[in-house]
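Comments concern the structure below.
The values are calculated or read from the model by the stated rules, or taken from the named source; none is laboratory data. No experiment lies behind these values; they were computed from the predicted model shown. Cβ placement follows ideal geometry from the backbone for every residue including glycine, while neighbour counts extend to all protein chains displayed. The area values use the complete protein model at the heavy-atom level, side chains included, leaving out ligands, DNA and RNA. Shrake-Rupley method; radii C 1.70, N 1.55, O 1.52, S 1.80 Å.
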Amino acid sequence: MIALLAGGTGAARFLLGLARVVDPRRLTVIGNTGDDLDCWGLHVSPDLDTVTYALAGLLDPARGWGVREDTFHCLGAMARLGHETWFRLGDRDLATHLHRTRLLREGRSLGEATETLRRALGVPCPILPMSNDPVRTRIRTPEGWLAFQEFFVRERAKVEVLEVRYEGAARARPGPGVLEALRDAEAVIVCPSNPVTSVGPILAIPGVVEALRATLAPTLAVTPIVGGAPVSGPAGRLMAALGLPVSAVGVAAYYRDWLDLLVVDERDADLVPAVEALGVRTAVADTLMTDGARAAALARNALAALGVPG
Ligand code: FO1
């Protein structure tokens, strides 16, 4: 079993590549819930949904989130009723949030809601929330604290990042199966997700870093930063806000306490000595997943570096 720490868009692309080279039933995805939000009274878990839709073959390829070919009729009707519509929920996507919110209201856990969703959508592997307890990534800006989606979507990440906090993480318990997956895995892969806001919240859950240190499984991360900039999203500015160099070296520094191996992009091969000086071994590969074949090749390279049969 291969355990994966996953955020949103970058993780989805990598997982699609990995599912082309290994039987997806060998995977266990541990998903970030720090981006979760309440929208129109519904509990939305963007990173869990993005990974679920990707593995179900439902993810909208252009947006990188939501359901392919979705419509937004409800969104238009909600706008006419005066509700906020900066966070765009599609009509098919809404069913996921209605389902999850109903189960939560009936006292079921986020993990149970996620399990029923992934089974209903035919996803062949478990997708485990990092915690069933509320953890919310918050970003401090010159105008004050913002919830993650207010920062990322409403403000289009165009505001200065002064501080990042994972509210609730200190008292959150790892979701059922999370520590066991890390302990029992034959390999652990950190997807090319934003280290600070997609992987950071998972690492902030008490017990997770200890499990990553203790596991006998080799641990590998794929850099989400190529050539001094993130492949997508605000990862660079978030890393800079934490004083980390915006490069594969910064990623290695952030994960070095427990990471064995970092896949560095071939365009950054000159950074290999600096990464290895941090005690993190490296593999060099093309990490730009511009199509399925390149995502599969990257996954194959990661497995080879881990010594895990494809
Ligand atoms: N990202 C946007 O940039 N704009 C949106 O309106 C938006 C809506 C949305 C709805 C459901 C969902 O699962 C994801 C959505 N995202 C949207 C992406 C989301 O903000 C990011 O994928 C993650 O939170 C970052 O990893």
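What's the longest uninterrupted piece of the chain once you rule out the trypsin sites (Lys or Arg not before Pro) that are loop residues per DSSP with at most 10 other Cβ within 10 Å?
Details: sites that count: Arg156, Lys158.
That would be 1-155.
Please identify the chymotrypsin sites (Phe, Trp or Tyr not before Pro) of region 1-58 that satisfy two criteria: DSSP loop assignment and at most 10 other Cβ atoms within 10 Å. Which are they?
Qualifying residues, ordered by number: none.
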Any idea which of Ile189, Ala285, Leu262 is furthest toward the positive side of the dipole for the chain, if Lys and Arg beta-carbons carry +1 and Asp and Glu beta-carbons -1? Ile189
Contour minus end-to-end for Leu216 and Glu160, with contour as 0.36 nm per residue of separation and end-to-end as the Cα-Cα distance? 16.2 nm
Considering amide H positions built from the backbone, and no H for Pro or chain starts, which residues 5 or more places from Ala221, or on another chain, come under 5 Å of its amide H? Val190, Leu261, Leu262, Val263
Tail weight of P(r) past 20 Å, computed on alpha-carbon pairs of region 234-310, percent: 36
Give the accessible surface of the chain per residue, rounded to a whole number of Å², with probe radius 1.4 Å and ligands, DNA and RNA excluded. 41
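Using unit Cβ charges (K, R positive; D, E negative) and no other charged atoms, how large, in debye to the nearest 20, is the dipole of the chain about its Cα centre?
Numbers: 32 positive and 35 negative charges, 78 e Å.
Here the chain has a charge dipole of around 380 debye.
Quick check: from the Cα gyration tensor, does region 1-72 come out rounded (a/c under 1.5), prolate or oblate?
Oblate, since a/c reaches 1.5 and b/c is not below a/b.
Considering only protein heavy atoms and a probe of 1.4 Å, how much of the accessible area of region 57-135 is carbon and sulfur, as a whole percent? Before the final figure, lay out the partial values.
Values: 2350 of 4140 Å².
Using a 1.4 Å probe with all protein chains present, region 57-135 comes out at 57 percent carbon and sulfur.
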Under 4 °C and 1.567 mPa s, how fast does the chain diffuse according to Stokes-Einstein, given a Kirkwood radius computed over C-alpha pairs? Answer in µm²/s, whole number. 67
What Kirkwood radius, in Å to one decimal, follows from the Cα pairs of region 171-310? 15.3
